[in-house]
1. I need a count of the residues in region 212-259 that are surrounded by fewer than 16 Cβ atoms within 10 Å (Cβ to Cβ) and closer than 30 Å to residue 130 by Cβ.
2. Within region 85-114, track down each residue that is exposed (fewer than 15 other Cβ atoms within 10 Å of the Cβ) and either touching a helix residue (DSSP H, G or I) at 6+ places or on another chain (Cβ under 7 Å) or at pLDDT 85 or above (or both).
3. Given the condition outside any helix (DSSP H, G or I) and open to solvent by 40 Å² or more (accessible area, probe 1.4 Å), answer yes or no: does some residue in region 38-46 qualify?
4. Looking at 57, 62, 25, 52, which one is within 19 Å of the chain's Cα centre (by Cα), buried (at least 20 other Cβ atoms within 10 Å of the Cβ) and of a type outside the set (Val, Ile, Thr)?
5. When you look at residue 119, is it assigned to a helix (DSSP H, G or I) and either farther than 26 Å from residue 213 by Cα or out of contact with any strand residue (DSSP E or B) (no Cβ under 7 Å at 6 or more places or on another chain) (or both), yes or no?
Amino acid sequence: MVLSRVGVIAHTVFLEVIRDRILYLVALFALLMVMARLLLPGIAAGAENKMLIDLGLAAIHLLSVVVAVFVGTGLINKEIEKRTVLVLIAKPVSRAEFIVGKHLGLTAVLAVLIAALGLVFLLVLGASGVSLSLGSILIALGFMTLEAALLVAVAILFGVFTSSLLATLLTFAVYLMGHLSKDMVAFGQLSDSPAVQRLTNTLYLVLPDLERLNLRNTAAYGMELLPSVTVLLGHALYGVLYTGLLLAIASLIFSRRQF
């Protein structure tokens, strides 16, 4: 794998996605935060600051997931459907370089998007006089970026061998089950059926445990409630390794496809 070729592909993807007016989401988010700041004091009964932080982090997370899923599933699939992939694979670029470059390009877009949304979020909170722990918020945003990168890898994996619609549905399914994997195991333990227990345990082992990358609920309370540095590094390494595994599988499947 030649890093220079990967960088060229990533840069091209970054520019293409940015040109699709993806950063308009920043304006939408800013409008949402301003409206929430105006409306929450009338309905939150003194808890508007906590609700504003929770709402802001949830909105950033949701927007990043939507972009990762809808754009990620089309990164490879559209190239295949439009047959432009034939031009690309004729060039001195390996299919693994193609997959990794596409992933890094969209991940860079998501990192910029989350950083911009986070900046707007902090500015609104600062202008509203809301006290917060900057360190915990930044850590939560960093883990959101890791989760978004993992979801892009999932979307690319499904996109190399299914249609765009099916890839989108499957990626959303992985996202939902990834956040509910421990609940599925608990459900299986309550069941009297060994088959159900084996199914839920298998899903827990195979699917990514996205709750490891979810710090939104604790970030609002400050650094004290966050896991230790060792645990955080372990969760971050888990996200990186799982992303790498998904990209390796996607590259293997893509390399075996005939066009």
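1. 11
2. Hit for region 85-114 is 88, nothing else.
3. Yes, the conditions are met somewhere in region 38-46.
4. Exactly one of 57, 62, 25, 52 is within 19 Å of the chain's Cα centre (by Cα), buried (at least 20 other Cβ atoms within 10 Å of the Cβ) and of a type outside the set (Val, Ile, Thr), namely 57.
5. On the way: assigned to a helix (DSSP H, G or I): yes; either farther than 26 Å from residue 213 by Cα or out of contact with any strand residue (DSSP E or B) (no Cβ under 7 Å at 6 or more places or on another chain) (or both): yes.
Criteria met by residue 119.
The values are calculated or read from the model by the stated rules, or taken from the named source; none is laboratory data. All of these numbers come straight from a predicted model, not from anything done at the bench. As a convention, Cβ positions derive from the backbone with ideal geometry for all residues, glycine included, and neighbour counts pool all protein chains shown. Side chains included, ligands, DNA and RNA excluded: accessible areas come from the protein's heavy atoms. Shrake-Rupley method; radii C 1.70, N 1.55, O 1.52, S 1.80 Å.
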